[in-house]
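**Student:** Just dropping this structure here.
The values are calculated or read from the model by the stated rules, or taken from the named source; none is laboratory data. Quick caveat, the model's predicted, so the values are computed rather than measured. Virtual Cβ from ideal backbone geometry, glycine too; neighbours counted across all protein chains shown. Accessible surface areas use protein heavy atoms only, side chains included; no ligands, DNA or RNA. Shrake-Rupley method; radii C 1.70, N 1.55, O 1.52, S 1.80 Å.
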Amino acid sequence: AQSVAQPEDQVNVAEGNPLTVKCTYSVSGNPYLFWYVQYPNRGLQFLLKYITGDNLVKGSYGFEAEFNKSQTSFHLKKPSALVSDSALYFCAVRRDTGRRALTFGSGTRLQVQP
Amino acid sequence: DSGVTQTPKHLITATGQRVTLRCSPRSGDLSVYWYQQSLDQGLQFLIQYYNGEERAKGNILERFSAQQFPDLHSELNLSSLELGDSALYFCASHGDRGLNTGELFFGEGSRLTVL
């Protein structure tokens, strides 16, 4: 079985400050990890993924995420938050083999204050 | 725009009724995934089809069924609807060429309200 935990329902940060959205995962075998963002009344948009290689992956809109195998974490980060980053963020995982469907976390709402 | 098309965008119906949600994957994608997003359950994987065949099943209720047609569009059928079926239903697809590492591309969703 595989699972994802996003321990924070909401993260508040001031515009211009760095942001972190936390994610931990559980999967047997090697993980493929993903971050998606959802704006109100919209579908999920892909931000970035970790498959293999460098533990720091860079994605869309200035976001990056760091894969930490020992801590089974894949936290999403951005050096300087924008008000327009306010949205719902989902972390997802799947194994490197077998079923390709993603297992999603419960989501973290990011609120960036001006 | 992800290239995945879902219809209808909104649907309101009554308990006990049956509805059909439709999805067209991105051009060239053979796989279709259905997900349900509700407030209390989060994003739940329902079912996957690949080139017309069922490939994987998740938390799909027996009252729900799906199929994928030769033109690769998919339909999710929800019957004997209950209040708790009110949710956003997403369809997703991914590229099937190259390495097995592709992310999913999601449609805008169909919002179902059961009254």
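**Student:** Quick one: pull the percent of accessible area on the protein assembly as shown belonging to carbon and sulfur, 1.4 Å probe, ligands and nucleic acids left out.
**Tutor:** On the way: 5200 of 10880 Å².
Solvent-exposed carbon and sulfur of the protein assembly as shown make up 48 percent of the total.
**Student:** Within 10 Å of each Cβ in A:50-56, how many Cβ atoms from other chains are there, averaged over the peptide? Working shown, then result.
**Tutor:** Numbers: counts 1, 5, 2, 0, 0, 0, 0.
Shielding by partners across A:50-56 averages 1.
**Student:** If one computes the Cα centroid of segment B:15-75 and of segment A:14-44, what distance in Å separates the two points?
**Tutor:** 23
**Student:** As an exercise, use a Förster radius of 41 Å and the Cβ-Cβ distance of B:Ser27 and A:Val83 to find the FRET efficiency, rounded to the nearest 0.05.
**Tutor:** Values: r = 35 Å, r/R0 = 0.85.
Efficiency at R0 = 41 Å is approximately 0.75.
**Student:** Under a plain spin-label model, where a point goes 7 Å from the Cα along Cα-to-Cβ, how far apart in nm are A:Asn17 and B:Ser86?
**Tutor:** With each label placed 7 Å out from Cα toward Cβ, I get 3.6 nm.
**Student:** Send over the per residue convex hull volume for the protein assembly as shown, Cα only, as a whole number of Å³. Provide the component values of the computation, followed by the final result.
**Tutor:** On the way: hull volume 27.7 nm³, N = 229.
Taking the convex hull of the Cα positions in the protein assembly as shown, it is 121 Å³ per residue.
**Student:** Using only alpha carbon positions, build the gyration tensor of chain A, then give the equivalent ellipsoid semi-axes as the square roots of 5 times its eigenvalues, largest first, whole angstrom. Write out the running numbers ahead of the final one.
**Tutor:** Working: eigenvalues 111, 42, 29 Å².
Each semi-axis is the square root of five times an eigenvalue, giving 24, 14, 12 Å.
**Student:** Return one whole number: the accessible area per residue of chain A in Å², for a 1.4 Å probe.
**Tutor:** 47
**Student:** For chain B, modelled as a Gaussian network with Cα springs under 10 Å, which listed residue fluctuates most, B:Asp29, B:Asp85, B:Asp40?
**Tutor:** B:Asp40
**Student:** In nm², what is the average projected area of the convex hull enclosing the Cα atoms of segment A:40-93? Walk me through the numbers on the way to the answer.
**Tutor:** Working: hull surface 17.2 nm².
Convex hull of Cα atoms, orientation-averaged projection: 4.3 nm².
**Student:** Here's something else I'd like to know. On the Cα set of segment B:14-101, report Rg and Dmax in Å, please.
**Tutor:** In Å, with Rg to one decimal and Dmax whole: 13.3, 44.
**Student:** So if we plug the beta-carbon distance of B:Leu115 and B:Asn77 into 1/(1 + (r/R0)^6) with R0 = 25 Å, what FRET efficiency do we get, rounded to 0.05? Don't skip to the answer; put the middle values down first.
**Tutor:** Details: r = 19 Å, r/R0 = 0.77.
Calculated transfer efficiency: 0.85.
**Student:** A further question on this structure: Taking both sides together, what accessible area is buried at the A/B interface, probe 1.4 Å, expressed in Å² and rounded to the nearest 100? Mind showing how you got there, number by number?
**Tutor:** Details: alone 6180 and 6490 Å², together 10880 Å².
Approximately 1800 Å² gets buried when A meets B.
**Student:** Could you give the accessible area per residue of chain B, probe 1.4 Å, as a whole number in Å²? Display every interim value, and only then the final one.
**Tutor:** On the way: 5580 Å² over 115 residues.
Computed with neighbouring chains in place, this is 48 Å² per residue.
**Student:** Would you be so kind as to list the residues of segment A:81-114 that have their accessible area lowered by at least 20 Å² in the full protein complex compared with their chain by itself (1.4 Å probe)?
**Tutor:** When all protein chains are present, A:Phe90, A:Arg94, A:Arg99, A:Arg100, A:Ala101, A:Leu102, A:Phe104 each give up 20 Å² or more of accessible surface.
**Student:** Additional query: In Å and from the alpha-carbon atoms only, list the Rg and Dmax of segment B:1-61.
**Tutor:** Both quantities, over Cα of segment B:1-61: 13.1, 37 Å.
**Student:** Return the long-range amide H neighbours of B:Ala66 (sequence gap of 5 or more, or a different chain), with a cut-off of under 5 Å between placed amide H atoms.
**Tutor:** Correct list: B:Asn77.
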